[in-house]
Amino acid sequence: MTVPAPRASTSQFDTNELVINMGPQHPSTHGVLRVVLRLDGERVLDADCVIGYIHRGVEKLCENRDWTHIILLTDRMDYVAAATNNLGYVEAVEKLMQIEVPRRARYIRTILAELQRIASHCLWLGTHAMDIGALTVLLYAFREREFVLDLFEEFCGARLTYNSMRVGGLPLDIPPGWDRKLRSFCDLMEGKLDDYETLLTNNRIWLKRTRDVGVISGEEAIGLGLCGPPLRGSGVSRDLRKDEPNAAYEEFDFDIPLGTRGDTYDRYLIRMEEFRQSIRIIRQGLDGLPEGPVMGKVPRLLKPPAGETYHAIESPKGELGYFLVSDGKSTNPYRFRVRPPSFCNLQGLKRLVRGHLVADVVALIGTIDIVLGEVDR
Amino acid sequence: MEAPIAVAAVQDALPGAIEAVSYWVGDWTLIVARERLLEVLEFLKTAEATAFDYCSDVTATDWPPRERRFDLIYCLYSTRLRHRIRVKARVAEDEEVESVTGLWPAANWLEREVFDQFGINIVNHPDLRRILMPDEWQGYPQRKDYPLEGPGELLMENPQDWLRVRNLPDEAADLRSGAGPDSEIE
Amino acid sequence: MAEALLFYTLAALILGLGVMVVSARSAVHSVLFLVVNFLLVAVLYVTLNAEFVAVIQVLVYAGGIVVLYLFVVMLVNLKQAPERFSDPRRLARSGLVLGGVVLALIVVVVSSSLRAGAAPEGTLSGFGTPFTSGNTEQLGWVLYTSYLIPFELASMLLLVAMVGAIVLAKRHLGE
Amino acid sequence: MLDTVVIPLLKIAVLVNAVLVAVTFLVLMERKVIAWAQSRLGPMRVGPYGILQALADPIKLILKEDITPVKADRYVFTLAPIMSLVPALVVFAVVPFGPDPLYYIGDINVGLLFIISVTSIGVYGIILGGWASNSKYPLLASLRASAQLISYEIAVTMTLVSVILTTGTLSLVGIVEAQRESGIWFGFIQPVALVLVFIGGLAETNRAPFDLPEAETELTGGFHTEYSGMRFALFFLAEYANMIVISAVVVLIFFGGWLRPFPNIAWLGFLDLLPAWIWFVGKVFLFLYVFIWIRATLPRYRYDQLMSLGWKVLIPVAIGNLVVTGVFKVVF
């Protein structure tokens, strides 16, 4: 009887390498990511990501729209966290033009960004769990995401691409009764989080599938430019909400969860904790919501003075940076550059999957939490 | 506005390497000669006072009429000291730039994107290929003289030919009626 | 009569499949013929009332060993037989040896069956009572009493082979 | 003639059809149960509460175009689903639905071994299906499948040996009768064996959390990625028929087959008013429900973890169980 060898043997017998294409049409590459895997049996020797399948030239497009019209293009990048993309962009423009944003608008922006974080993490949790085979969590997470989408729909009329912010503030104040619904959602979400954790956190199979999978040290993660939960999972305390507070984050009290091992399970725990911290921030925001206008004094035609700036915020996926250059003459940006967190995190996949099995590849794509709209732009 | 320690440290350690220091809406930028770029970046990464261990972004800007038309921009961050800096170098179309993947592995894809979109020659890069555009693509979309409109098929297959066609003054005059990105640039 | 008809049909099929095994172009096809062959042999055992042996034949050969054959054949992915340098003289010599062996076998089988045909009914099985339908228990009984030592020796041999296989595999893994 | 040919043939016809119909409804049941677990409704459009979905699915699959990839080995490609389904149906020949000979086709004295050996043939369907597709994902999946099925078969067989030790017979009817005589279901005497056989059964039928050969998020569709139409449906039928087989085996060996609960308590005799086969089928469906429930709850094992679970946990425990059973048998 032969003993099956799960580990790739280095003997002269195993010289047959198998090259397989994972994607661009594959159920767990989250869109149109293509990963070319070089396998020895089931063990991954090397992985090469091929991206660009939905490259729409957003940066180029933006250079030919005026500063206000760009907001709706930012929706289309990380389309599961459109509000966060809006936020990063309008803040970058505000920084370039030195516009003061009313406090109420900053509060509402913070609430929206955190709500968006919950929605984005719901999607991550569902797909990540489904990739590992836990089907039910997907449906549960999408059920809660639906509530978030309902809230956004009531706020700005859209469910996916919100176009919900303007340079200088917000187009609309929150509708009456919205804060009450948001509060009840927060209560509901806390209970549901416990549901998810019952299904996964202490599940032996979940632990086996995620513990010690894709371990990366903090130093290496920094070098690879990982950001967001993958970086914090390796114990690097870097959250732009704390380090370079934007919106109204400096007025809020919240914790940054950090991992210790830098494996998939730690990244999972971190995001689960971020759900709770987001709820905490939303509650604080609702409690302390100041009165006042939601739109600052902004010229009708935006025309920032010549100059450039880089502004980064913490999106659900990590550091979302906007590098904007204005030539001071036209109403379009001269250069519009996005630093997409998914793009930089995806770069780490090659390092993470090496030596793991095919089944881990999907777990690792899930743990990186990519949105191809943002990777390819 | 007083320059932060990091800027002063570079100026002290590498005199003459920094051509200019700029400050605008809270961001510090070092403008460095292309020849000494790698030296400056290496110093920024390793020196105690700077410790920029995190490469946020590598990107470029195209300023066509200029002799050295590209600005190559590195956005750096220090996870230890929690400060940011931008380093900028001017590069001409035919000039070569040393890759920084040795300093920050993160720059790998970012430099590939710069190559893909601007066509800046980055040398000593471990894996310099197009990243967002298909491998057989011609032309560099983020350049300011890249056509935004044109006869679709021709453009898709061979943008370089299209560029040549449209630079002939009389033949393509009617095609040029749509305002391109270069309409503002003399 | 029916039994004889069944036997000869089965025998013909088994032989035919045996030929197919060696003559099939694709290695996977030939393994498949081997599986069917084994299944038919199992049917042959059933006609002899040796149900236990039949089931074990299916379980061990068809369900276990040939799966491993298939595994290997699939992985090696032989589209055609590898061409090897063949020495015509060696072919002739080995053919001679093989022919001799087959001839000797035929002689032995024919002579023994002639003698067995003369033997009285009932002693064919080698011990007292012929198998009836409940043969599993009897088989076990015989194996663990009359044939205990050969049985244990055989199992020892298999154990040694198993340990040997693991040791061989391990040595390659370790270095 | 009537007894030896016509009646068995009739029984076979009835049984095969019953199994196939059961499978289509099992698919519906799975969809419904998983939907409820996931706070959905499941199929609702076809017929009241989607009941006719069980008919619509097979009709759709039969009418679909049957594609054979150009590079596939067409004979083996066609043969594979058949080789997968036939053993799954053949097994039912020895499954007794009740004590009366009317309720089974044959009660052979090696019934249990027959089931084990015939199900072991089913692996060919998966291996050949993956190989004949001439595609990389199915090939990987079929490699996984063959390794998985062979290793778990060992564990299950080892465990069943300890059950045979307690009953002293391999006949399935005999095993159930033994439970009636001893007045207790073997599940209570052999709880370890029950767990082992159940886990092994999950693995042998490629069900979650051991559904690696068809892990759609890793290997797209697994070994049947290239299959479509009726040939795909045959694989599907085989998988669900195997689920029924495993449930039936577990019920027969550990849960008293067609016996009512507590066969030793006399005053519960009114439970015998229900016919034996209803008890049996009811118990089988209870186990099928557990199969589905597990699928809705658990993530999937990884290939190497699955293997180490099989070889380092299940087989040693099975051997231990065998030894303990043997010692008890000798001492008491």
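Here are the numbers for the structure shown:
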quantity: Given (1) modelled with pLDDT of 85 or more; (2) farther than 20 Å from B:ALA33 by Cα, number of the condition B:LEU103 does not satisfy; calculated: (2)
quantity: Which numbered condition D:PHE186 fails, given (1) within 21 Å of D:VAL86 (Cα to Cα); (2) buried (at least 20 other Cβ atoms within 10 Å of the Cβ); calculated: (1)
quantity: Helices (runs of 4 or more DSSP H) within the stretch C:62-175 that include 2 or more residues farther than 30 Å from D:VAL118 by Cβ, modelled with pLDDT under 85 and out of contact with any His (no Cβ under 9 Å at 6 or more places or on another chain); calculated: C:88-118, C:148-174
quantity: Filter result (crowded, with 17+ Cβ neighbours inside 10 Å and under 22 Å from the mean Cα position of the chain (by Cα)) within the stretch B:7-24; calculated: B:VAL7, B:VAL10, B:ALA17, B:ILE18
quantity: Of all residues in the stretch A:164-205 being small (Gly, Ala, Ser) and crowded, with 16+ Cβ neighbours inside 10 Å, the one that is nearest to the other protein chains (Cβ to nearest Cβ); calculated: A:GLY168
quantity: Neighbours by Cβ (under 8 Å, 6+ apart or cross-chain): first from the stretch D:80-101, within 25 Å of C:PHE33 (Cα to Cα); second among the polar types (S, T, N, Q) and outside any loop (DSSP other than H, G, I, E, B); calculated: D:PRO87/D:THR119; D:ALA88/D:THR119; D:ALA88/D:ASN242; D:VAL91/D:THR119
quantity: Within the stretch D:16-58, considering residues that are without any contact (Cβ under 8 Å) to a residue 24 or more places away in the chain, surrounded by 15 or more Cβ atoms within 10 Å (Cβ to Cβ) and part of a helix (DSSP H, G or I), the one nearest to the chain's Cα centre (by Cα); calculated: D:ARG31
quantity: Qualifying residue in the stretch D:198-214 (condition: small (Gly, Ala, Ser) and within 14 Å of chain A (Cβ to nearest Cβ)); calculated: yes
quantity: Failed item, numbered, when B:CYS55 is tested on (1) closer than 25 Å to A:ASN345 by Cβ; (2) away from chain A (no Cβ under 14 Å); calculated: (2)
quantity: Unmet requirement for B:ARG80, which otherwise passes all of (1) buried (at least 18 other Cβ atoms within 10 Å of the Cβ); (2) within 10 Å of chain A (Cβ to nearest Cβ); calculated: (1)
quantity: Check on D:VAL251, away from chain A (no Cβ under 14 Å) and surrounded by fewer than 19 Cβ atoms within 10 Å (Cβ to Cβ); calculated: no
quantity: Condition met for A:ILE71 (away from chain B (no Cβ under 14 Å), modelled with pLDDT of 85 or more and farther than 18 Å from A:GLY318 by Cβ); calculated: yes
quantity: Residue that is nearest to B:ILE120 (Cα to Cα), among those in the stretch B:8-34 that are more than 14 Å from chain A (Cβ to nearest Cβ) and touching a Leu at 6+ places or on another chain (Cβ under 7 Å); calculated: B:ILE18
quantity: Every residue from the stretch D:285-308 that is aromatic (Phe, Trp, Tyr) and within 11 Å of chain A (Cβ to nearest Cβ); calculated: D:TRP293, D:TYR301, D:TYR303
quantity: Test: residue in the stretch D:127-150 that is part of a loop (DSSP other than H, G, I, E, B) and buried (at least 22 other Cβ atoms within 10 Å of the Cβ); calculated: yes
quantity: The stretch A:285-338 - residue that is assigned to a loop (DSSP other than H, G, I, E, B) and on the phi > 0 side of the Ramachandran plot and, of those, farthest from the other protein chains (Cβ to nearest Cβ); calculated: A:GLY292
quantity: Filter result for D:ALA13 (surrounded by 15 or more Cβ atoms within 10 Å (Cβ to Cβ), among the small types (Gly, Ala, Ser) and outside any loop (DSSP other than H, G, I, E, B)); calculated: no
quantity: Lone qualifier among A:GLU91, A:GLU100, A:GLU144 - being farther than 30 Å from A:THR201 by Cβ, of a type outside the set (S, T, N, Q) and part of a helix (DSSP H, G or I); calculated: A:GLU91
quantity: Only one of B:ILE73, B:ILE85 that is assigned to a strand (DSSP E or B), within 12 Å of chain A (Cβ to nearest Cβ) and either among the hydroxyl-bearing types (Ser, Thr, Tyr) or more than 23 Å from B:LEU132 (Cβ to Cβ) (or both); calculated: B:ILE85
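The values are calculated or read from the model by the stated rules, or taken from the named source; none is laboratory data. Treat the numbers as computed from the prediction; the structure is a model and nothing was measured. Neighbour counts are summed over all protein chains in view; Cβ atoms, including those assigned to glycine, are modelled from backbone coordinates with ideal geometry.
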